[in-house]
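I have placed the structure first, in the form of structure tokens, so that the comments after it can refer back to it.
The values are calculated or read from the model by the stated rules, or taken from the named source; none is laboratory data. Keep in mind it's a predicted model, so treat the numbers as computed, not measured. For neighbour counting, all protein chains shown are included, and Cβ atoms are generated from backbone atoms with ideal geometry for every residue, glycine included. For the accessible areas, the whole protein counts, side chains as well, though only heavy atoms, and no ligand, DNA or RNA atoms are used. Shrake-Rupley method; radii C 1.70, N 1.55, O 1.52, S 1.80 Å.
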Amino acid sequence: MTLVAGVDSSTQSCKVVIRDAESGALVREGRASHPDGTEIDPGHWWDALQRAVEQAGGLSDVAALAVGAQQHGMVCLDEQGGVVRDALLWNDTRSARAAEELVTELGGPRAWAEAVGSVPVASFTVTKLRWLAEHEPDNAARTAAVCLPHDWLTWRLAGAPGINAITTDRGDASGTGYWSPGTGSYRPDLLKLAMGHTPVVPRVLGPTAEAGRAGDVLLAPGTGDNMAAALGVGLRPGDVVVSIGTSGTVFACAGEASHDPSGAVAGFADATGRFLPLVCTLNAARVLDAAARMLGVGLDELGELALQAPPGADGLVLVPYLEGERTPNKPDATGSVHGLRLANSTPAHFARAAVEGMLCGLADGLDALGVEPERILLIGGGARSQAVRAIAPTVFGRPVLVPEPGEYVADGAARQAAWLLGGTAEPPSWQAGEPRRYEADPAPDVRARYAEAAATV
Ligand SMILES: Nc1ncnc2c1ncn2[C@@H]1O[C@H](COP(=O)(O)OP(=O)(O)O)[C@@H](O)[C@H]1O
Ligand SMILES: O=C(CO)[C@@H](O)[C@H](O)COP(=O)(O)O
């Protein structure tokens, strides 16, 4: 049996799966936590990767590996390849003003959408570089290369062979704000606009190019976590994935690059040579964590409580902008509770309002994507919640399909590694179990009340 490994170095943790390259059968797996926070020493990702690999039984019998990781994170390296400062993550909003400046300087949102497929908000790497240049000019000057979490981990696995050897892929490059999915090339002018100079950027590999070797293990290009998830679920035309992790994402595959001047849809590339229009919210599974904490219950009990309250929670609405928000672009917003009355001030109503509020943000994302889905696939840690599964069809107004709970980002990375080994035109077709279907009566009032409440924030 030939084995491949897939890594998901995401916001909260690192997960490793080891699968049979031919059938895709899961052989072993491991996981390790990342520290909390929106800036982090990349060394923690490396340590967590080592621990997760060890828990997964090591790599000595593995033929190829790929890394999927959280998108956008700014990893600055000096001439020797040392880390200049802690990485600023996708959910760090300190560069919101820098984003506004950059949008204005290039001539407005449409100019950015045309140039790189996305209108930068604080999540995009380009805005973090501008923040660095303005607030930490010494660190900016020492930055000889800039890369992303998956680029850095792949490079470390290859033995950190000098900053000119760093590689990335189309998917992750498309989240920087200085690489165009439409033309497939960097925009050094935008990098210079942000930073005042142009550090080394990773070479962009094709979907099945080799990124190097970690000892005997062949390294596939890797990609951003959402692109890896698309590979992991076997995303096909007509599908929309709703992923409820630290971020909430809604995405579909497309044959052409997208350019949304409203900024709601990011025009990413995918990991197969196609495109991945995507809407991302900052507040997803952690809204459930926060609600459970506030009620003093575990996640399962939170779900049970949510299902005890009626749709709409008798008028109680939670707008869950707990970390500010990215879509809509409200980096300084906070969460708020609306419609609180004696009759709905119960733990069950609050739990329901938390689940519904989080899902309403994602339903708005689905509308913004502008795709009439044939199938909605619900994945990510939050999709393990029975309440989320049951309530999602009421909020989305359509049935949802929930694939067997799993690590779809790590699985997609493993599939990319198997693709590299196989050398075929398309990724290997691994058998997947039948997703479970959830149906319920649509509850349009829930979204209407949410929209009213969110408009006041
Ligand atoms: N049974 C469950 N019910 C609700 N949420 C869950 C459950 N299990 C895990 N989660 C949520 O999953 C989240 C982590 O999801 P994950 O997709 O691994 O995130 P990330 O990839 O961003 O690190 C946690 O914040 C937690 O709230
Ligand atoms: O910023 C985005 C997408 O543009 C996020 O989806 C990050 O890629 C983080 O993902 P998770 O850790 O939540 O999976």
Roughly how many debye, to the nearest 20, is the charge dipole of the chain about its Cα centre, given +1 on each Lys and Arg Cβ, -1 on each Asp and Glu Cβ, and no other charges? 120 debye
Run the 1.4 Å probe and let me know the accessible area of S258, rounded to the nearest 10 Å². 30 Å²
So what's the angle, to the nearest 10 degrees on a 0 to 90 scale, between helix 125-135 and the longest Cα principal axis of the chain? 80 degrees
Residues with amide H under 5 Å of R85's amide H, sequence separation 5 or more or different chain, H placed in the peptide plane at 1.01 Å from N; which? C76
Please figure out what share of the DSSP beta bridges in the chain is antiparallel and state it in percent, rounded to the nearest 5. 70 percent
Please compute the contact order of the chain in relative form: average sequence separation of alpha-carbon pairs under 8 Å and at least six residues apart, divided by the residue count, as a percent. 17 percent
Taking a crude spin-label model, label points 7 Å out from Cα along the C-beta direction, the S33 to E372 distance in nm is 4.6 nm
Quick one: with all protein chains in place, what share of the accessible area of the chain is carbon or sulfur, to the nearest percent (1.4 Å probe)? 49 percent
Do any GluC sites (Glu not before Pro) in segment 354-457 lie in a loop, going by DSSP, with at most 11 other beta-carbon atoms within 10 Å of their beta carbon, and if so which? E374, E439
Run the dipole for segment 292-351 about the Cα centre, Lys and Arg Cβ at +1, Asp and Glu Cβ at -1, nothing else charged, and hand back the magnitude in debye, nearest 20. 180 debye
Quick one: accessible surface of D270, probe radius 1.4 Å, all protein chains present, in square angstrom to the nearest 10. 10 Å²
Per DSSP helix of 4 or more residues, -39500 (n - 2.57); summed, then divided by the residues of the chain. What does that give at 222 nm, rounded to the nearest 500? -10500 deg cm²/dmol
In degrees rounded to 10, the 0-90 angle between helix 444-455 Cα long axis and the longest Cα principal axis of the chain is 70 degrees
Tilt, helix 386-396 to longest principal axis of the chain (alpha-carbon atoms), in degrees rounded to tens, equals 80 degrees
Largest to smallest accessible area among H338, H349 [probe 1.4 Å]: H338, H349
Could you pull out the trypsin sites (Lys or Arg not before Pro) across segment 330-403 that fall in loop regions by DSSP (anything but H, G, I, E, B) with no more than 15 other Cβ atoms inside 10 Å? R341
Whole-number accessible area per residue in Å² for the chain, which is evaluated in the context of all protein chains at 1.4 Å: 37 Å²
Under the Karplus relation 6.51 cos²θ - 1.76 cosθ + 1.60, θ = phi - 60°, what is the ordered set of whole-Hz ³J(HN,Hα) values for segment 148-162, x standing for Gly and Pro? 10, x, 6, 4, 5, 5, 5, 5, 5, 4, 7, x, 6, x, x
Quick one: what are the phi-derived ³J(HN,Hα) couplings along segment 45-61, Karplus 6.51/-1.76/1.60 with θ = phi - 60°, whole Hz, x for glycine and proline? 5, 5, 4, 5, 4, 4, 5, 5, 5, 4, 4, 7, x, x, 10, 4, 9
Below 8 Å between Cα atoms, with a sequence gap of 6+, how large is the relative contact order for segment 115-242 in percent? 28 percent
Amide H to amide H under 5 Å from T176: which residues, 5+ apart in sequence or cross-chain, H placed 1.01 Å off N in plane? none
Theoretical gain in end-to-end length, A432 to S185 [0.36 nm per residue, Cα-Cα removed]: 85.4 nm
Contact order normalised by length for segment 237-338, with contacts defined as Cα pairs under 8 Å and 6 or more residues apart; what percent is it? 21 percent
